[in-house]
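**Student:** One structure follows; several queries about it will come next.
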Amino acid sequence: MMKKFLMGNEAIAYGAVSAGVNLVCGYPGTPSTEILETAAAINDGSYYVEWSVNEKAALEVAAGASYAGARTLITMKQVGLNVASDPLMSLAYVGVKGGMVVVVADDPGPISSQTEQDTRHFARFSKLPVFDPSSPEEAYEMVKDAFKLSEEYGTPVLLRPTTRVCHGCASMDVGDERERHQPEGFVKDSKWVIFPRLSYQNHLKIEERNPVLGEKLSTYRFNTLTGTGRRGIATGGISYAYLREALGGANPRVLKIATPHPFPEKLALEFLHSVDEVMVIEELDPVIERELIYLCGKHHLPVKVYGKISGDVQRAGENSVESVRAVLSEYLGLPKPPAPPALPELPVRPPVLCAGCPHRASFYAVKQAMRGQKAVYAGDIGCYTLGNAMPLDMVDTCLCMGADVTIAQGLNRVEPDAKHFAFIGDSTFFASGLTGVVNAVYNNSDITLVVLDNSTTAMTGQQPHPGTGRTMMGENRPKISIPDVLRALGVGHVEVLSPFDHKAAVEAVRRAADIKGVSAVVFEAPCIAVSKPAPLFVVQEETCIGCRKCIRELGCPAIVMHGKKAFIEPSLCYGCALCAQICPKTAIIREGGEG
Ligand code: SF4
Ligand code: SF4
């Protein structure tokens with residue numbers, strides 16, 4: 001055993017490696033990303049790691065490996081499971097041979113997601129077991145337990161940490177032994193081919209299995225029943241940690257649910273028989289609360305159940321020690337939490353595109369090209385969603401990964417007199433943009449695709465993708481060219497250039513917009529996080545007339561007003577030269593040189 005100070009996501013990777021994982025794959029997404037990165041970082045060469053192009057591809061790669069007996073770990077964020085749900089739903093019926101753990105990180109808040117969807121529902125929907133850790137230490141242990149359960153029952157198993165478990169850190173004992181699992185290889189069998197008759201039979205088996213599994217999980221070490229008193233509390237996940245802290249020395253009856261599905265009914269019934277009332281404290285949806293209400297009805301138990309449904313616990317957003325304390329002070333009569341100390345007024349700091357970000361230059365070029373024309377801008381998931389902020393104001397819609405190119409098509413069917421643009425990043429293009437482009441070409445849509453190729457998956461922390469050529473196994477592969485892919489898919493007009501050549505960029509957008517049908521402009525310029533800054537720019541005070549155009553139109557955080565003159569903060573400027581190209585007085589020049 002070694003003592004290690006690990007983030008929850010790191011702990012999950014260590015747990016999987018300790019359990020003898022053979023293949024790790026996934027798609028980056030906060031708060032799950034570090035799991036796969038850690039697995040790659042500690043890889044001694046005994047297993048395979050890849051960033052797949054999207055979550056569906058990852059799950060299918062893992063399914064194939066698992067059919068051949070490999071132990072597989074798949075990582076994604078909660079909305080990624082929507083993408084992977086097609087193979088997951090069928091795989092739940094087909095089953096696996098090598099253990100398969102699907103880690104789906106939920107994001108209460110949400111802090112960096114489109115939705116507050118609750119993966120515990122997906123477990124019930126897909127009829128799969130799910131583990132819900134309340135700490136990084138539990139996450140480490142549970143991933144190992146999940147592999148065992150997966151192989152014992154021949155089923156994929158979900159592990160669902162939430163953001164504070166993923167990103168919280170703890171000192172924990174980590175086994176230095178790595179189990180070496182040798183996959184036996186693929187054995188041909190009709191069970192791997194899903195047909196309606198087989199699905200029917202497997203459905204019956206799953207319905208028989210889950211109650212048995214629920215009973216078994218009633219004695220699972222992390223499903224616990226503690227404390228005394230007739231006023232009980234039921235909880236799970238990170239809310240359990242908040243509860244323990246909020247309770248202080250109090251010791252009420254507490255049911256902790258670590259496996260929300262199949263629900264450990266036997267343990268829950270023991271709890272319900274011992275209390276008159278229950279307060280359910282959980283994040284996201286009232287999953288435990290509904291299970292307890294169901295059990296009370298099924299067994300005619302006169303227990304009052306409070307929680308989100310009754311309106312006693314907040315229905316959305318994250319819990320915290322303070323929010324749990326507030327609930328407990330009402331419910332258990334514990335001392336009211338002290339009023340939080342008054343905080344000083346902090347300046348408002350909305351998220352903005354970085355100084356020197358190529359997306360700013362791309363959005364600005366399109367905006368200038370379309371000035372005075374009726375145009376709608378469909379955006380997508382990535383840093384470039386921030387293009388909707390003022391002063392750019394260039395993202396009119398954002399739905400889900402890859403939806404920019406298809407939303408634009410739908411908009412154009414209704415308003416063909418307007419010009420419709422679709423903005424998509426390079427990683428998103430490979431993840432889920434291709435089918436939308438094919439749809440546009442096939443159905444002769446009239447849209448302009450603007451690919452914002454910054455050579456990385458920027459928002460989640462610079463992960464490689466097929467366009468970068470680097471893999472998580474350290475190989476250099478031929479880069480897949482986005483312009484070549486677009487041309488191969490039938491996009492007739494494709495221009496490739498840097499958005500930092502402002503005049504050329506505006507002209508390229510105008511040419512593309514004039515094309516009837518599908519056209520594309522690929523703006524290539526690396527994210528500032530993967531490139532070196534160029535020499536800085538400065539404002540010549542004597543030339544600047546204080547018109548504020550550089551601030552009003554670009555919104556680069558490096559430019560501020562000092563009195564009546566613009567000023568470039570040297571610690572922020574990346575030397576992209578965009579502001580210098582739009583200043584009407586050429587007052588902005590490269591430091592020590594010409595404009
Ligand atoms: S655009 Fe040029 S002249 Fe106008 S404020 Fe900025 S630096 Fe000064
Ligand atoms: S050159 Fe201008 S636009 Fe580019 S980062 Fe520096 S201040 Fe911002």
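**Student:** May I ask you to say which residue of Ala513, Ala580 is closer than 24 Å to Ala389 by Cβ and more than 10 Å from ligand 2 (Cβ to nearest atom)?
**Tutor:** So the residue among Ala513, Ala580 that is closer than 24 Å to Ala389 by Cβ and more than 10 Å from ligand 2 (Cβ to nearest atom) is Ala513.
**Student:** Just one of Asp176, Asp106 is surrounded by fewer than 24 Cβ atoms within 10 Å (Cβ to Cβ) and either more than 25 Å from Glu245 (Cα to Cα) or touching a residue at least 60 places away in the same chain (Cβ under 8 Å) (or both); which is it?
**Tutor:** Asp176
**Student:** Pick from segment 527-555 the residues that are farther than 30 Å from Pro464 by Cβ and among the β-branched types (Val, Ile, Thr): which of them is farthest from ligand 1 (Cβ to nearest atom)?
**Tutor:** Only one residue tops the list, namely Val538.
**Student:** I'd like to verify a number: residues in segment 284-312 that are closer than 26 Å to Pro129 by Cα, touching a strand residue (DSSP E or B) at 6+ places or on another chain (Cβ under 6 Å) and either part of a loop (DSSP other than H, G, I, E, B) or of a type in the set (Ser, Thr, Tyr) (or both), how many?
**Tutor:** The qualifying residues number 2.
**Student:** For a quick check of your reading: which strands (runs of 3 or more DSSP E) sit entirely within segment 10-95 and have at least 3 residues that are of a type outside the set (A, V, I, L, M) and surrounded by 24 or more Cβ atoms within 10 Å (Cβ to Cβ)?
**Tutor:** By residue number, 72-77.
**Student:** For segment 582-595, enumerate the residues that are surrounded by fewer than 19 Cβ atoms within 10 Å (Cβ to Cβ) and either touching a residue at least 40 places away in the same chain (Cβ under 8 Å) or near ligand 1 (Cβ under 9 Å from one of its atoms) (or both).
**Tutor:** Ile582, Pro584, Lys585, Thr586, Ile589, Arg590, Glu591, Gly592, Gly593
**Student:** Looking only at segment 423-444, count every residue that is more than 15 Å from Leu399 (Cα to Cα) and either touching a Leu at 6+ places or on another chain (Cβ under 6 Å) or surrounded by fewer than 24 Cβ atoms within 10 Å (Cβ to Cβ) (or both) and tell me the total.
**Tutor:** 10
**Student:** Another question, then. Out of all the residues in segment 518-554, which are surrounded by fewer than 17 Cβ atoms within 10 Å (Cβ to Cβ) and over 33 Å from the mean Cα position of the chain (by Cα)?
**Tutor:** Residues satisfying the conditions are Pro535, Gln540, Glu541, Glu542, Thr543, Ile545, Gly546, Cys547, Arg548, Lys549.
**Student:** Let me ask something else about it. Any residue at all in segment 31-43 that is among the β-branched types (Val, Ile, Thr) and within 26 Å of Glu184 (Cβ to Cβ)?
**Tutor:** Yes, segment 31-43 contains at least one residue that is among the β-branched types (Val, Ile, Thr) and within 26 Å of Glu184 (Cβ to Cβ).
**Student:** Out of (1) within 16 Å of ligand 1 (Cβ to nearest atom); (2) assigned to a helix (DSSP H, G or I); (3) of a type outside the set (Gly, Ala, Ser), the odd one out for Arg511 is which?
**Tutor:** (1)
**Student:** Residue by residue through segment 271-323, note down the ones that are under 22 Å from Phe122 (Cα atoms) and among the small types (Gly, Ala, Ser).
**Tutor:** The answer is Gly307, Ala316, Gly317.
**Student:** For segment 540-554, how many residues meet the condition of being within 30 Å of Lys419 (Cα to Cα) and either more than 9 Å from ligand 2 (Cβ to nearest atom) or out of contact with any helix residue (DSSP H, G or I) (no Cβ under 9 Å at 6 or more places or on another chain) (or both)?
**Tutor:** Final tally of qualifying residues: 5.
**Student:** Then there's this: Residues in segment 555-563: is at least one under 23 Å from Met459 (Cβ atoms), in contact with a helix residue (DSSP H, G or I) (Cβ under 8 Å, 6 or more places away or on another chain) and either modelled with pLDDT under 95 or surrounded by fewer than 14 Cβ atoms within 10 Å (Cβ to Cβ) (or both)?
**Tutor:** There is at least one residue in segment 555-563 that is under 23 Å from Met459 (Cβ atoms), in contact with a helix residue (DSSP H, G or I) (Cβ under 8 Å, 6 or more places away or on another chain) and either modelled with pLDDT under 95 or surrounded by fewer than 14 Cβ atoms within 10 Å (Cβ to Cβ) (or both).
**Student:** Ok, one more. Kindly establish whether Ser150 is small (Gly, Ala, Ser) and more than 22 Å from the chain's Cα centre (by Cα).
**Tutor:** yes
**Student:** Here are Phe537, Phe567, Phe523: which of them is on the phi < 0 side of the Ramachandran plot, within 12 Å of ligand 2 (Cβ to nearest atom) and in contact with a helix residue (DSSP H, G or I) (Cβ under 9 Å, 6 or more places away or on another chain)?
**Tutor:** Being on the phi < 0 side of the Ramachandran plot, within 12 Å of ligand 2 (Cβ to nearest atom) and in contact with a helix residue (DSSP H, G or I) (Cβ under 9 Å, 6 or more places away or on another chain) holds for just one of Phe537, Phe567, Phe523, which is Phe537.
The values are calculated or read from the model by the stated rules, or taken from the named source; none is laboratory data. The model shown is predicted, which means the values in this text are computed figures rather than measured ones. Neighbour counts run over all protein chains shown; Cβ positions are idealised from the backbone, glycine included.
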